[in-house]
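Each remark here refers to the structure printed beneath this line.
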Amino acid sequence: MRAIAGWIAIASGALLIGSIVLTALSASPATGFPMGPGMMGGYPMGPGMMGFGGSGPAASPIPGATEIRVDAFNFGFSPSEVHLPKNSDVNLTLFNPAGNGVPHDFTVPALGIHVVANPGETRTIGLHGLSPGRYDAYCSVPGHAASGMVARLVIE
């Protein structure tokens, strides 16, 4: 590591300016999308997931459960306020139209929800007996939440 005037340091291809770390991105050979450190979000990779991970709790849909659909678009969700019944089994479905061209996910950290859909995919996860409350949701693909891809999950 090399420090310049105590502010800038370069180590392992990362540039540190104050407390901000900038890293070089490289394109994924399989997809052409830029991939860099931190883009996997700590979720396991699977076929076609392009490094953004799998689904959250109870990944399998629940037979007979109410289905709630969320549509992803660049850069938002419809509906932007998603209502789920409390203490019930629910299938949460994320649809990402092929025309979007990029993967999107629906992430609710407070509940451990993370469902990913690549362009043209529909993904459904089963959720069991959620506690009432209002929770922040967003797309965890870098830059998407900052561009307005946020929602509210209301369990009542």
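Provide the gained length on full extension for the span Lys86 to Glu67, in nm with one decimal, where the gain is 0.36 nm per separating residue minus the Cα-Cα distance.
Length difference between fully extended and current span is 5.5 nm.
Is the shape of segment 91-155 best called rounded, prolate or oblate, per the rule: a/c under 1.5 gives rounded, else a/b larger than b/c gives prolate, else oblate, with a ≥ b ≥ c the square roots of the Cα gyration tensor eigenvalues?
In terms of gyration-tensor shape, oblate.
None of the figures in this text is laboratory data; all of them are computed from the coordinates on show. Keep in mind that this is a model prediction, so the values were computed, not measured.
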